[in-house]
Amino acid sequence: MYRFLVVIEKTASNYSAYSPDLPGCVATGKTREDVEANMYESIRFHLDGLRADNLVIPENTAFAEVMAVAA
């Protein structure tokens with residue numbers, strides 16, 4: 001099993017997602033639930049493509065932290 005950080009952003013009309021450790025692996029969706037499901041499938045497809053091309057699946061190196069900052 002692989003674990004990758006996924007960044008989800010709300011746009012004016014939908015949601016978008018990407019993984020910093022998987023360049024080019026992106027997804028969109030009308031709702032957050034949609035984009036999460038689409039990104040899951042996008043990652044699976046991306047990993048299948050890497051395997052088919054005999055490329056190494058990258059190590060997970062990205063991480064995130066939510067910080068509270070007093071303004």
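The values are calculated or read from the model by the stated rules, or taken from the named source; none is laboratory data. Bear in mind the structure is a predicted one, so any value in this text is a computation, not a measurement. Heads up, the Cβs are rebuilt from the backbone with ideal geometry, glycines too, and the neighbour counts pull from every protein chain shown.
Numerical summary
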| item | result |
| --- | --- |
| Test result for Ala17, surrounded by 17 or more Cβ atoms within 10 Å (Cβ to Cβ), free of Cβ contacts under 8 Å to residues at least 60 places away in the same chain and aliphatic (A, V, I, L, M) | yes |
| Index of the failed condition, Glu59 passing every other in (1) in contact (Cβ under 8 Å) with a residue 24 or more places away in the chain; (2) surrounded by 15 or more Cβ atoms within 10 Å (Cβ to Cβ) | (2) |
| Scan of the range 33-51 for residues that are under 21 Å from Ala62 (Cα atoms), surrounded by fewer than 17 Cβ atoms within 10 Å (Cβ to Cβ) and touching a strand residue (DSSP E or B) at 6+ places or on another chain (Cβ under 9 Å), ordered by number | Glu36, Ala37, Tyr40, Glu41 |
| Neighbours by Cβ (under 9 Å, 6+ apart or cross-chain): first from the range 25-46, over 9 Å from Asn14 (Cα atoms); second part of a helix (DSSP H, G or I) and modelled with pLDDT under 95 | none |
